[in-house]
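J.: Below is one structure. I have some questions about it.
The values are calculated or read from the model by the stated rules, or taken from the named source; none is laboratory data. Worth saying up front: this structure is predicted, and the values here are computed from it rather than measured. Here the Cβ positions follow ideal geometry from the backbone for every residue, glycine too, while neighbour counts run over all protein chains shown.
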Amino acid sequence: MKYLFILLAVGLSACTLSPNLPKAGVDQSYEILGAKVNSPNEPNWYLLQYNQMGVVFGKDISSKTNSVIANANIFGVGGHEDDKSFFEYIISEREKNDDKTRFVDLGSKNTRVTFKGSACIKYETLSEDHASKSQSDQPFQYFNTMGYICRYPANKNAAVQLEVSYRSDTKEVPEYVKQVSEKFFDTLVFVNNKVQ
């Protein structure tokens, strides 16, 4: 599912990152409702958005056509007492909410896992983005996402999503983006801070 929060982040990342944006800091802690994450553990990440619902970091890439985003957000899922129902709902919503006029799905993989003690879906997707606003000369760009959508342990009506996305003119995700992703995901700590 390309959540509104994620689309905002993608839209922000399509433009060249401005030096007027605040730097995210290296491995700096950020708390949202239900979770705490650290900014990526390398320099030159910007803080694109931060509020109680989520945090979005963007990486200044040397190429004007490539971008990488790391984000965490919380959202309501409502009424799923068991993990099976939660998984089915999340997978269904992701498929239902994909913008078919913009994205051409080239493949997705959903795996049920336990991550940080919570029931989660670990996912990887590849699509063509036909509305990218980068400076690419191609008619579309490849859009890779990798992440987790986890049941919030203290409230089964909420879920926390961690995602790293990479947009470029080629299908492959560089190894350093994969490494940054794993380190970013590993910083997740669930916190019980009044999620309702």
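J.: Checking PRO40 against (1) within 22 Å of ALA159 (Cα to Cα); (2) at pLDDT 90 or above; (3) touching a Leu at 6+ places or on another chain (Cβ under 9 Å), which single condition isn't satisfied?
T.: Failed condition: (3).
J.: Is it the case that THR187 is modelled with pLDDT of 90 or more, within 13 Å of the chain's Cα centre (by Cα), β-branched (Val, Ile, Thr) and at negative phi?
T.: Details: modelled with pLDDT of 90 or more: yes; within 13 Å of the chain's Cα centre (by Cα): no; β-branched (Val, Ile, Thr): yes; at negative phi: yes.
No.
J.: Hey, any hits in region 172-189 for a residue that's over 19 Å from TYR89 (Cα atoms) and touching a Lys or Arg at 6+ places or on another chain (Cβ under 7 Å)? Steps first, please.
T.: Of all residues in region 172-189, those over 19 Å from TYR89 (Cα atoms) come to 172-189.
In the following step, the residues that additionally are touching a Lys or Arg at 6+ places or on another chain (Cβ under 7 Å) were identified as 188-189.
There is at least one residue in region 172-189 that is over 19 Å from TYR89 (Cα atoms) and touching a Lys or Arg at 6+ places or on another chain (Cβ under 7 Å).
J.: If you don't mind, another one. Exactly one condition in (1) aliphatic (A, V, I, L, M); (2) touching a Phe, Trp or Tyr at 6+ places or on another chain (Cβ under 8 Å); (3) under 28 Å from ASP27 (Cα atoms) is not met by VAL189; state its number.
T.: Here VAL189 clears every test but (2).
J.: If you check ASP169, ASP129, ASP105, which single one turns out to be charged (D, E, K, R) and more than 18 Å from the chain's Cα centre (by Cα)?
T.: Working: ASP129 fails: more than 18 Å from the chain's Cα centre (by Cα); ASP105 fails: more than 18 Å from the chain's Cα centre (by Cα).
So the residue among ASP169, ASP129, ASP105 that is charged (D, E, K, R) and more than 18 Å from the chain's Cα centre (by Cα) is ASP169.
Listed here are the residues, each with its yes/no results for (1) modelled with pLDDT of 95 or more; (2) within 16 Å of the chain's Cα centre (by Cα); (3) polar (S, T, N, Q); (4) more than 28 Å from THR170 (Cβ to Cβ).
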residue	(1), (2), (3), (4)
GLN28	yes, no, yes, yes
GLY54	yes, yes, no, yes
ASP60	no, no, no, no
LYS64	no, no, no, no
ILE69	yes, yes, no, no
VAL77	no, no, no, yes
GLU81	no, no, no, yes
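J.: In region 113-161, how many are of a type outside the set (Ser, Thr, Tyr) and within 21 Å of MET53 (Cα to Cα)? Working first, answer last.
T.: Step one: filter region 113-161 for residues of a type outside the set (Ser, Thr, Tyr), giving 113, 115-117, 119-122, 124, 126, 128-131, 133, 135, 137-141, 143-144, 146-147, 149-151, 153-161.
Restricting the remaining residues to those that are within 21 Å of MET53 (Cα to Cα) gives 115-116, 119-122, 146-147, 149-151, 153-161.
The total comes to 20.
J.: If a residue must be in contact (Cβ under 8 Å) with a residue 12 or more places away in the chain, assigned to a loop (DSSP other than H, G, I, E, B) and of a type outside the set (Ser, Thr, Tyr), how many such residues does region 167-195 contain? I'd like the intermediate steps shown before the answer.
T.: Filtering region 167-195 down to residues in contact (Cβ under 8 Å) with a residue 12 or more places away in the chain leaves 167-171, 173, 177-178, 180-181, 183-185, 187-195.
Imposing the further condition that a residue be assigned to a loop (DSSP other than H, G, I, E, B) reduces the set to 169-171, 173, 187-188, 191-195.
Then keep just the ones that are of a type outside the set (Ser, Thr, Tyr); that gives 169, 171, 173, 188, 191-195.
Residues meeting the conditions: 9.
J.: Output the qualifying pairs, or none if there are none: Cβ atoms under 8 angstrom, residues six or more apart or on different chains, first residue in region 34-58 and touching a residue at least 24 places away in the same chain (Cβ under 8 Å) and within 20 Å of SER118 (Cβ to Cβ), second residue hydroxyl-bearing (Ser, Thr, Tyr) and part of a strand (DSSP E or B).
T.: From residues that are touching a residue at least 24 places away in the same chain (Cβ under 8 Å) and within 20 Å of SER118 (Cβ to Cβ), the pairs are LYS36/SER29; LYS36/TYR30; VAL37/SER29; VAL37/TYR30; ASN38/SER29; ASN38/TYR30; VAL55/TYR30.
J.: Can you name the residue in region 108-126 that is within 17 Å of the chain's Cα centre (by Cα) and hydroxyl-bearing (Ser, Thr, Tyr) and, of all such residues, is nearest to VAL189 (Cα to Cα)?
T.: TYR123
J.: Taking the condition more than 24 Å from VAL177 (Cα to Cα) and among the basic types (Lys, Arg), does LYS84 pass?
T.: Values: more than 24 Å from VAL177 (Cα to Cα): yes; among the basic types (Lys, Arg): yes.
So LYS84 fits the description; yes.
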